[in-house]
Amino acid sequence: MNLTSYLLVLFAFRLSKVGYVVASRELSILFSAFIGSLWLGEDGWPRGWPAPRSVLAGVICVALAQD
């Protein structure tokens, strides 16, 4: 799975701008925190909200940026 993920990222670099790809890769942090809180029952999700919000805000800023 790791090799497949790496190859998909390299393919995305060829199709899109680097900033968009890098920003979208950071969304995996949000997904893993959300899955950990729901499926694994980990505590601390509300306390850790500032970090995922800042990542999401960064991705939105990159997506809305003008060339």
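With the structure loaded, tell me whether Tyr6 is under 19 Å from Ile60 (Cβ atoms) and open to solvent by 50 Å² or more (accessible area, probe 1.4 Å) or whether it fails that test. No; evaluated as a whole, the condition is false for this residue.
Pairs linking a residue in segment 13-33 that is on the phi > 0 side of the Ramachandran plot to a residue that is open to solvent by 80 Å² or more (accessible area, probe 1.4 Å), with Cβ atoms under 6 Å and 6 or more positions apart or on different chains, do not occur.
Within segment 15-55, being open to solvent by 80 Å² or more (accessible area, probe 1.4 Å), within 15 Å of the chain's Cα centre (by Cα), modelled with pLDDT of 75 or more and over 20 Å from Ser5 (Cβ atoms) holds for Pro50, Arg53.
The values are calculated or read from the model by the stated rules, or taken from the named source; none is laboratory data. Since the structure is predicted, the reported quantities are computational estimates derived from the model, not experimental observations. Don't worry about glycine lacking a Cβ; one is built from the backbone with ideal geometry, like all the others, and counts go over all protein chains shown. Protein only, heavy atoms only, side chains kept; ligands, DNA and RNA dropped before computing areas. Shrake-Rupley method; radii C 1.70, N 1.55, O 1.52, S 1.80 Å.
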